[in-house]
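The values are calculated or read from the model by the stated rules, or taken from the named source; none is laboratory data. Everything quoted here is computed from the prediction, not taken from an experiment. Positions of Cβ are backbone-derived with ideal geometry, glycine not excepted, and every protein chain shown enters the neighbour counts.
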Amino acid sequence: MRSSGGTGTARVARSQGVAFSKSPVLAVRLPSWRSRVVLFGMFIAFGALAARAVWLQGTSSQQQFLQKEGANRYQRTQELPAVRGKITDRNGQVLASSIPVRAIWAAPEEVLAAPKEKIRALAGLLEMSEAELRKKLDSDRNLVYLKRQVEVETADKIKALDLDGMDIRPEYKRFYPQGEVMTHLVGFTNVDDKGQESMELAQQANLVGRPGSRRVIKDGRGHIVEDIGGKIEPHNGKDVVLSVDSKIQYIAYTQLKQAVEHFGAKAGGAVVLDVHTGEVLALANYPSYDPNDRRNLTGAQLRNRVMTDSFEPGSTLKPITVALALDSGRVKPNTLIDTGNGRLQILDRPISDTKAHGVISVAQIIEMSSNIGTSKIALSMPSQEMWEMFTKVGFGQQPKWGFPGAVAGRVRPYKSWRPIEQATMSYGNGISVSLIQLARSYMMFARNGDTIPLSFEKVDKEPLGQQIIKPQTAAQMREMLESVVSGKDGTAKKAQIPGYRVGGKTGTAYKVENGRYAMPRKYIGSFVGMVPMSAPRFIIAVMIDEPTQNGHFGGSVAAPTFAAVAINALRASNVPPDSNVTEIVVPADTGPEAM
Amino acid sequence: MSNKVNIVLTALLVACGLSAVNAQYQSRHLFVDKERAEAQARQLDTEWAQLQLDQSTLGKHARIEEIARRELNMTQLTPNRTQYLTEGEK
């Protein structure tokens, strides 16, 4: 370099006045093809990239997989939950409702890696010991359930612990505010929200909701920023309105409970029907259980005796036999029948009354509940006619009221009936029915000889009836049933209620165990009645199973329970009184009826 | 001449671009509002169900009877101390 030297001078050759960088001396002489080669090389590289992109996005077999993976970076499928429908009573009071809760899942490996005190805090929130929690986490699976049906507040606290590997998912829990009072009617669901009993089971298809989903775009902070279609609408389950009136149900349940305890009975059942619509206004069983806490549930508590147990009804069946005889014109209410000395042999099988009634009218047979009188009437009729009558009122027929587990009862085919059996069946032995069937069979007396189907759901209009007996027969029967309660020889004086006219029939049956009558005798006392007699509104049937103290006849165990349910139900429903008798003194001993 | 057309077109293009950005921004805002409103609707639904449940629990007949008898000293009415009024009768 020919620099002239000297500090502070510019880096420009003073003599030539030529810029340093343009100095021809410094110019590198490269062959021009080298840059071309580089350019070409880069072009090839870009070309390869573009070709690869086209290949992956357009033609490759992996194209769909890649697109999906790409979308997964920002798209999410969001579950849209659906709620199970509510169950309400006829007045809109909630009987069953689902409330959101949380299910707590955990990835064992990640959670176990957390600090000890956090795990202890988690165990505390889950209400289990640390050892229990660790046992649950000791699993090979990716995710394990820690606890289900956890309340939202607790779940939020667990979330606040900020443990890795926790997964908190929404679910629903079913609550039954009316508890043991309503449970035999409403039923319950399992942890997966499936109906298990009663209406929860029967209405499963209506109640269940259909969850939906949608695709969304989430931003980096997990917020949803856009909905990108593909939405499946969630459908909440339909609400079901039951026919039950929670006021009357409460009355029936508490009175039944008192009666079962007072008479030292094993169990009891009561049912209240609306005469005009066929709606079941109350259906109570005791013992019962709380559907919100089903840990120590026994079969006896779960049993819905009104619907699923059949029993020999005893004398409560007599009115049906007598109605058939009246309707076919074979007898009139004042026809006299000789019941003799209270003993009758039919083919060396004895039939007896509680005492000798002598010659009494058909109406008195019902009033005093004479087995012999009813048998004599029955034996004057062909067995086929009786069987047809039983079938028409629904005995031995599978009920079609949409209630799971409802039994048909048992009526043997008439061709195999022997005369003694025809006689005993006329007063309710050798035939079995459920309490609700028995209650429904009285529908034809309470109405004008027709019967209507029962309903567990609220009914808007009166259903079409099926005529079984003539209206005047029904009127005659109502008179007889009233005499059972208010007549001087009536067997159900304890069914009287102040201010209202009452009609009904008592029944006391021996319990059948293993195909024969249990020894020592076990009883089922029952009463089926209707109020108010001037224009029947309710049919109430009560059954007390194995009363052991304070009496065992239907007239002494079931009739007072009926009266207690009836008076309260009438008052609760604002039914005006139809009798001037406002105070009733029931004689201490109302006399037994025959079985 | 063609220069002027280009400038106008560029301006238009920029304006369109900005309005698209703005529209997207607006739509996201509205979407967030909608999400929030829907979440609120769900929350209210849940609350309503909870309140209905509370009403049913607190209005349990057993509880009402208990309170009426114990705290308010009420008794059941009987027909013999009830005056019934009938419409149209004297």
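Can you confirm whether B:Q50 is among the polar types (S, T, N, Q), facing chain A (nearest Cβ under 7 Å) and surrounded by 11 or more Cβ atoms within 10 Å (Cβ to Cβ)? Spelling it out, B:Q50 is indeed among the polar types (S, T, N, Q), facing chain A (nearest Cβ under 7 Å) and surrounded by 11 or more Cβ atoms within 10 Å (Cβ to Cβ). Residues of region A:402-431 that are assigned to a helix (DSSP H, G or I) and aliphatic (A, V, I, L, M): A:I420, A:A423, A:M425. Here is a check on your reading of the model: is B:Q76 within 13 Å of chain A (Cβ to nearest Cβ), surrounded by 10 or more Cβ atoms within 10 Å (Cβ to Cβ) and assigned to a loop (DSSP other than H, G, I, E, B)? So B:Q76 fits the description; yes. Within region A:467-479, the residues that satisfy the criterion of being surrounded by fewer than 18 Cβ atoms within 10 Å (Cβ to Cβ) and in contact (Cβ under 8 Å) with a residue 40 or more places away in the chain are A:K470, A:E479. Of all residues in region A:237-248, those being part of a loop (DSSP other than H, G, I, E, B), away from every other protein chain (no Cβ under 14 Å) and either crowded, with 21+ Cβ neighbours inside 10 Å or at pLDDT below 90 (or both) number 1.
Screening A:K136, A:K173, A:K159 for residues that are modelled with pLDDT under 85 and under 28 Å from A:N236 (Cβ atoms) leaves exactly one candidate, A:K159. State whether the residues of region B:6-19 include one that is within 39 Å of the chain's Cα centre (by Cα) and among the β-branched types (V, I, T). No: region B:6-19 contains no residue that is within 39 Å of the chain's Cα centre (by Cα) and among the β-branched types (V, I, T).
Only one of the numbered conditions (1) without any contact (Cβ under 8 Å) to a residue 40 or more places away in the chain; (2) within 14 Å of chain B (Cβ to nearest Cβ) is not met by A:A252, and that is (1). Taking region A:255-277 as the range and being within 14 Å of chain B (Cβ to nearest Cβ) and either touching a strand residue (DSSP E or B) at 6+ places or on another chain (Cβ under 6 Å) or at pLDDT 95 or above (or both) as the test, the residues that pass are A:L256, A:K257. In region A:81-100, the qualifying residues are those that are surrounded by fewer than 21 Cβ atoms within 10 Å (Cβ to Cβ) and either in contact with a strand residue (DSSP E or B) (Cβ under 7 Å, 6 or more places away or on another chain) or under 21 Å from A:K147 (Cα atoms) (or both), and the one that is farthest from the other protein chains (Cβ to nearest Cβ) is A:R90. Filtering region A:493-526 to residues that are aliphatic (A, V, I, L, M) and farther than 20 Å from A:I436 by Cα leaves A:I497, A:A518, A:M519. In summary, strands (runs of 3 or more DSSP E) completely within region A:331-401 and bearing 3 or more residues that are of a type outside the set (V, I, T) and either farther than 19 Å from A:L438 by Cα or touching a residue at least 60 places away in the same chain (Cβ under 8 Å) (or both) occur at A:343-346, A:349-352. Inspect all residues belonging to region A:268-276 and state whether any of them is in contact (Cβ under 8 Å) with a residue 40 or more places away in the chain, surrounded by fewer than 18 Cβ atoms within 10 Å (Cβ to Cβ) and under 24 Å from A:P463 (Cβ atoms). The answer is yes, given that some residue of region A:268-276 is in contact (Cβ under 8 Å) with a residue 40 or more places away in the chain, surrounded by fewer than 18 Cβ atoms within 10 Å (Cβ to Cβ) and under 24 Å from A:P463 (Cβ atoms). Please go through region A:260-274 and pick out each residue that is in a strand (DSSP E or B) and closer than 21 Å to A:K247 by Cα. Answer for region A:260-274, where residues must be in a strand (DSSP E or B) and closer than 21 Å to A:K247 by Cα: A:G268, A:G269, A:A270, A:V271, A:V272, A:L273, A:D274. Of the residues making up region A:216-236, just one is within 12 Å of chain B (Cβ to nearest Cβ) and within 30 Å of A:W401 (Cβ to Cβ), namely A:N236. Taking region A:372-416 as the range and being over 18 Å from A:S328 (Cβ atoms) and more than 40 Å from the chain's Cα centre (by Cα) as the test, only A:I372 passes. Filtering region A:281-303 to residues that are touching a residue at least 60 places away in the same chain (Cβ under 8 Å), out of contact with any Asp or Glu (no Cβ under 8 Å at 6 or more places or on another chain) and not small (G, A, S) leaves A:L283, A:N285, A:N292, A:R294. The set of residues in region A:58-103 that are polar (S, T, N, Q), at pLDDT 85 or above and part of a loop (DSSP other than H, G, I, E, B) comprises A:N91, A:Q93. Of all residues being surrounded by 19 or more Cβ atoms within 10 Å (Cβ to Cβ) and assigned to a strand (DSSP E or B) in region A:104-118, which is nearest to the other protein chains (Cβ to nearest Cβ)? Just the residue, please. Across region A:104-118, the extreme among qualifying residues is A:I104. Only one of the listed residues (B:R42, B:R81, B:R28, B:R36) is of a type in the set (K, R), without any contact (Cβ under 8 Å) to a residue 12 or more places away in the chain, within 12 Å of chain A (Cβ to nearest Cβ) and within 23 Å of A:R571 (Cβ to Cβ). That residue is B:R81.
In this structure, B:I7 does not qualify as of a type in the set (V, I, T) and closer than 27 Å to A:A572 by Cα.
When residues in region A:171-197 are screened for being away from chain B (no Cβ under 14 Å) and hydroxyl-bearing (S, T, Y), 1 of them pass. For region A:354-371, a tally of residues being crowded, with 22+ Cβ neighbours inside 10 Å, within 20 Å of A:A509 (Cα to Cα) and over 43 Å from the mean Cα position of the chain (by Cα) returns 0. Across region A:47-63, not a single residue is classified as more than 30 Å from A:D245 (Cα to Cα), surrounded by fewer than 11 Cβ atoms within 10 Å (Cβ to Cβ), among the aromatic types (F, W, Y) and more than 14 Å from chain B (Cβ to nearest Cβ).
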